[in-house]
Every structure is written in C-alpha cells, then in structure tokens.
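Participant: Below are the structure tokens for one structure; questions will follow.
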Amino acid sequence: MKTLITNIGELTTNAPTPEHAEGGGDLRGTLHDAAVLIDGDRIAWVGPAADAPDADETVDAEGRALIPGFVDSHSHLVFGGDRAAEFEARMQGQKYAAGGIRSTVAATRAATDEELRIRLRGFLDEMLAQGTTTVEIKSGYGLDVATEERLVRLAAEVTPEVTFLGAHVVPAEYADRGDDYVELVTGEMLDACAPHAKWIDVFCETGAFTVPQSRRVLEAGIARGLQPRVHASQLGPGEGVRLAVELGAASIDHGTYLTDDDVTALAGSETVLTLLPGVEFSTRQPYPDARRLIDADVTVAIACDTNPGSSFTSSMPFCIAVAVRDMRMTVAEAIHAATAGGAAALRRTDIGRIAPGMRADLVLLKSQSRVHLAYRPGVPLVDAVWKDGVRAV
Ligand SMILES: [Zn+2]
C-alpha cells in the first residue's frame, strides 16, 4: 500500500540535502510545495510535489505543514494516583524536593496491573493525538523487586524504549540505608527487570543517589547488557554529567544546573542533553539556557518527562512553546530537538527524520507553518498523525 501526502506547504525533514537546504546547510531540511510517499511502514520518497510518483491513495495537505512525529525520550507513564494537592501547594510557595516520589510509590504498589495498563494506554492516546509517535517509558514508582518488574513489563507491552529506573529514589523502608538499597537494585531487582528493559537509569542528585552509588547502578546495568542514561543536575550542580559522559550514556536528562566544564564535556561527547521544559514550568525552577548548549554544539533533545510530580503534561507542542519562550531556542531548533534530538537520545537511526528508508512517523499540522507550535500555545494544532505508515489520528 502506497500513500502519497502531497501539496505540503512546508515540510520539515531534518534531513537536508545540498540542493534542498533552505538558506544553505539548514539543519531542518525545509522543503516547500513538497510531497512524501509512504510505502508500508516506511518513507519511500521525498521531494517536490510536481515530481511525485504514483500511489494507491493520495492525501491533500492543502498547503499545510508536515513534520516528523515527535520522539519523547523521557517519561514515567506507569504509576498510580496523582499529586494534584502537592502541585497546588507548590504553586502557593512550597518547594519541590525529590522525596515527593515516595507518595506515588505507595499508590503504584497498591494498583493492579490492569489499572496501570488502562492509565498507561490513556496517556499514550493523549500523546499520539498531540503528535508523539515514539515514547520512552521508565519504571521507578515501584522501588521493590515485584513492583519494578511489573512496571517494566507493562511498559514493554507498548514500547521497545523501556528504562529500568529502580534507582529513582531510596524508598521509605530503606531510609538511611541507601547503600543497602543500591545492593537490591543492582542485584535481585536488576535480575527481574533487565529482561524487559533496554536502558538503565539513575537519579544522581542530592536527596536521591550519590555519584558512587549512581556509578554502581549504571555499571551493573551495563554488565547486564542495558545502555545507560542519567537523571542529573536537576536540583543543583553535581558530578552526574561527567559520570554520564564517562560511561557513554545516550543522554543526561534535566541539566538545569550545568557548569562550563559540564557543557565542554557534553560538547565533545556522544551524550545528548535532554531538556525537560515541563519540569521547570511546573516546579518554578529556573530554566536552563538552551542557547548556551546549542551554541557550544551540544546535541539537545526536548522531552515531556510526563510524571505525576514534577511535570504532568504529555504535550510536546506545549514543551516546544516553553523551550522557545523560556529557554531561548528558535522554533526550528525546538522542533528538531523534539524529533531528531529525541531519536539521538534513544540512539535510534530509523525515526526523527523524513527521508527514504525512515519509519513513516509523520504529523500534519492544521497550520501552514511549524512556527504556530510555539506561536499558538495550548491550541490543538495536530490535524493527522501517521505511525509506522498507518493513519493513527
Ligand atoms: Zn524523569
């Protein structure tokens, strides 16, 4: 089955070619009056609409904008309960601290698989409707062997991008015995979770895990064939970025407080810095300066970090709008970070771009320009979504 999407007024490919690059070597690879041919689950052809090949069906984009499906490389979607009261208190002046995670742990342990599954699928539907076609999902609200295993198993039902985050925070029953908990995470818990996961993650932060503890967690995961990614420098500066770079992590996430040495280390590395604008928005923390990172040639991703504590949005368009307004990214940079950047943060070469051979994950906007994603915050601007070549919205 071949589907031609034609009459695309503005096509963001993230795959520039010399003859098509706008303004000479633009990273976004913008084409006008373009068409995209989908063959099965892949993109078969991209080019000027006037040269488009034949297809079994044709979709008229009516001059509107088409972008790659969003790649959300950081989420925590399997949990019970919510923390609306905590959010409300925070908006009235209470400070955010990592320990709030424990209240979600109790609700998650109490929930059945089916309750968690229904919730998870609801979030995924919400995300798809807003243009997100790939989602990474972390565990981390179980913090005991049985519940962590349930969380990675449920996540693996819906995505290949599953992250074991047993080292999210030290659970209440291990208070003041962090090293004992790390022993559990790197032993019995890892044994139970590794078969369902691709990634190992740790929250390397004051109030969560120290640098030596984080190293133990990541190295144990690597030894089991998992690939590292790290939560760090969210609440203050620390050594997490350098640990992530040293261990070849695919991504360090948050990076709200980065030193110049951190930025230099990231710029010379394969590690992506994943910005989470929803977190600063809903914790009232200062925003990291994305301009500083991009100008230093750090690869940047944007993700929603959907979770009940620090960022309960699932909307990539919202995060793009915040990144543009408050992190000083251009709209084109923010969309690149939310697509190709997310793919790099997941070490995926088959998504995040619109080019022959890539997965046909596409988002048709209601507007003629991608700029509307930041210009019209909060407005539903996604008209149609294709996931693996199938019209999903
Ligand atoms: Zn997170």
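Participant: Tell me the helices (runs of 4 or more DSSP H) entirely within the range 264-346 that contain at least 3 residues that are within 16 Å of the ligand (Cβ to nearest atom), under 12 Å from the mean Cα position of the chain (by Cα) and aromatic (Phe, Trp, Tyr).
Facilitator: none
Participant: While we're on this one: Anything in the range 186-206 that is over 16 Å from ARG102 (Cα atoms) and touching a strand residue (DSSP E or B) at 6+ places or on another chain (Cβ under 8 Å)? List them, or say none.
Facilitator: MET189, LEU190, CYS193, ALA194, HIS196, ALA197, LYS198, TRP199, ILE200, ASP201, CYS204
Participant: Further question on the same structure: Within the range 313-332, can one find any residue that is within 30 Å of TYR141 (Cα to Cα) and assigned by TED's automatic domain parsing to the domain that holds THR13?
Facilitator: no
Here is a yes/no grid of residues against (1) within 16 Å of the ligand (Cβ to nearest atom); (2) on the phi < 0 side of the Ramachandran plot; (3) outside any loop (DSSP other than H, G, I, E, B):
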site	(1), (2), (3)
GLY93	no, no, no
THR104	yes, yes, yes
THR108	yes, yes, yes
MET127	yes, yes, yes
THR134	no, yes, yes
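Participant: Follow-up. Out of all the residues in the range 171-190, is one or more within 16 Å of the ligand (Cβ to nearest atom), modelled with pLDDT of 95 or more and at negative phi?
Facilitator: Checked the range 171-190: no residue is within 16 Å of the ligand (Cβ to nearest atom), modelled with pLDDT of 95 or more and at negative phi.
Participant: Can you tell me which residue among GLY100, GLY122, GLY140, GLY166 is among the small types (Gly, Ala, Ser), within 15 Å of the ligand (Cβ to nearest atom) and surrounded by fewer than 24 Cβ atoms within 10 Å (Cβ to Cβ)?
Facilitator: The match here is GLY100.
Participant: If VAL152 satisfies every condition in (1) under 13 Å from the mean Cα position of the chain (by Cα); (2) under 23 Å from TYR181 (Cβ atoms) but one, which is the exception?
Facilitator: (1)
Participant: In addition: Of the numbered conditions (1) out of contact with any His (no Cβ under 8 Å at 6 or more places or on another chain); (2) touching a residue at least 60 places away in the same chain (Cβ under 8 Å); (3) crowded, with 24+ Cβ neighbours inside 10 Å, LEU276 fails exactly one; give the number of that condition.
Facilitator: (1)
Participant: Moving to a separate point now. Is there a residue being of a type in the set (Lys, Arg) and touching a residue at least 40 places away in the same chain (Cβ under 8 Å) anywhere in the range 166-187?
Facilitator: The answer is no, given that none of the residues of the range 166-187 is of a type in the set (Lys, Arg) and touching a residue at least 40 places away in the same chain (Cβ under 8 Å).
Participant: So, one more: Do you know which residues across the range 366-387 are out of contact with any helix residue (DSSP H, G or I) (no Cβ under 7 Å at 6 or more places or on another chain) and buried (at least 22 other Cβ atoms within 10 Å of the Cβ)?
Facilitator: Answer for the range 366-387, where residues must be out of contact with any helix residue (DSSP H, G or I) (no Cβ under 7 Å at 6 or more places or on another chain) and buried (at least 22 other Cβ atoms within 10 Å of the Cβ): just TRP386.
Participant: Of everything in the range 220-241, what is in contact with a Gly (Cβ under 6 Å, 6 or more places away or on another chain) and not in a strand (DSSP E or B)? Give them in sequence order.
Facilitator: Matches in the range 220-241: SER233 only.
Participant: Residues that are part of a strand (DSSP E or B), crowded, with 17+ Cβ neighbours inside 10 Å and within 16 Å of the ligand (Cβ to nearest atom): does the range 75-87 have at least one?
Facilitator: Checked against the condition, which is being part of a strand (DSSP E or B), crowded, with 17+ Cβ neighbours inside 10 Å and within 16 Å of the ligand (Cβ to nearest atom), the range 75-87 yields at least one hit.
Participant: Residues of the range 209-219 being part of a helix (DSSP H, G or I) and surrounded by fewer than 20 Cβ atoms within 10 Å (Cβ to Cβ), which ones?
Facilitator: Residues satisfying the conditions are VAL211, PRO212, ARG215, ARG216, GLU219.
Participant: What residue, among those in the range 220-260 that are hydroxyl-bearing (Ser, Thr, Tyr) and crowded, with 17+ Cβ neighbours inside 10 Å, is farthest from the ligand (Cβ to nearest atom)?
Facilitator: Filtering the range 220-260 for residues that are hydroxyl-bearing (Ser, Thr, Tyr) and crowded, with 17+ Cβ neighbours inside 10 Å, the one farthest from the ligand (Cβ to nearest atom) comes out as TYR257.
Participant: So which residues in the range 257-287 are closer than 21 Å to SER314 by Cβ and not β-branched (Val, Ile, Thr), if there are any at all?
Facilitator: Correct list: LEU275, LEU276, PRO277, GLY278, GLU280, PHE281, SER282, ARG284, GLN285, TYR287.
Participant: Go through (1) crowded, with 24+ Cβ neighbours inside 10 Å; (2) of a type in the set (S, T, N, Q); (3) more than 16 Å from GLY131 (Cβ to Cβ) for THR330 and report which single condition fails.
Facilitator: Condition not satisfied by THR330: (1).
Participant: Separate question: Select, from VAL145, VAL59, the only residue that is among the hydrophobic types (A, V, I, L, M, F, W, C), away from the ligand (no atom under 16 Å from the Cβ) and over 25 Å from GLU183 (Cα atoms).
Facilitator: Only one candidate qualifies: VAL59.
The values are calculated or read from the model by the stated rules, or taken from the named source; none is laboratory data. Everything numeric in this text was worked out from a predicted model, so none of it was measured. Virtual Cβ from ideal backbone geometry, glycine too; neighbours counted across all protein chains shown.
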